[in-house]
1. So which pairs qualify, if the first residue must be in segment 1-28 and modelled with pLDDT under 80, the second must be outside any helix (DSSP H, G or I), the Cβ gap must be under 7 Å, and the two must be at least 6 apart or on different chains?
2. Does any residue of segment 58-65 turn out to be in contact with a Leu (Cβ under 9 Å, 6 or more places away or on another chain) and either assigned to a loop (DSSP other than H, G, I, E, B) or loosely packed, with under 15 Cβ neighbours inside 10 Å (or both)?
3. Note down all Cβ pairs under 9 Å where the first residue falls in segment 35-57 and is part of a helix (DSSP H, G or I), the second is among the charged types (D, E, K, R), and they're at least six residues apart or on different chains.
4. Those residues that are exposed (fewer than 14 other Cβ atoms within 10 Å of the Cβ) and under 18 Å from Ala55 (Cβ atoms), I need them from segment 26-44; list them, please.
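The values are calculated or read from the model by the stated rules, or taken from the named source; none is laboratory data. Here the structure is a predicted model, which is why all the values come from computation and not from measurement. Here Cβ is always computed from backbone atoms with ideal geometry, including for glycine, and neighbour counts include all displayed protein chains.
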Amino acid sequence: MTISQENRVRWPFRLLAGLIALCGLYALSRIAMELRTGLSFGQIADLVVIVPSTAAMIWVALYGSSPRWWIW
């Protein structure tokens with residue numbers, strides 16, 4: 001495959017990763033707004049999942065490849 005064909009195959013996944021990253025950032029902002037009242041156990045568990053997942057999706061959206069530090 002040429003570079004242009006590879007980008008045509010990959011761009012929908014990069015777009016989807018960008019949308020997932022935006023959802024993750026929105027979820028993080030909602031949790032951050034509740035920092036004044038303290039975090040519940042469920043919110044802390046959400047942070048453990050949301051932060052690395054959002055970082056990985058941002059990486060995929062920007063670079064189009066899986067980050068080396070993330071195991072899929």
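1. Final answer for the pair search is Arg10/Gly64.
2. Within segment 58-65 (the criterion being in contact with a Leu (Cβ under 9 Å, 6 or more places away or on another chain) and either assigned to a loop (DSSP other than H, G, I, E, B) or loosely packed, with under 15 Cβ neighbours inside 10 Å (or both)), the answer is no, since none of the residues qualifies.
3. Correct list of pairs: Gln43/Glu34.
4. Filtering segment 26-44 down to residues exposed (fewer than 14 other Cβ atoms within 10 Å of the Cβ) leaves 26, 29-30, 32-38, 40-42, 44.
Correct list: Tyr26, Ser29, Arg30, Ala32, Ile44.
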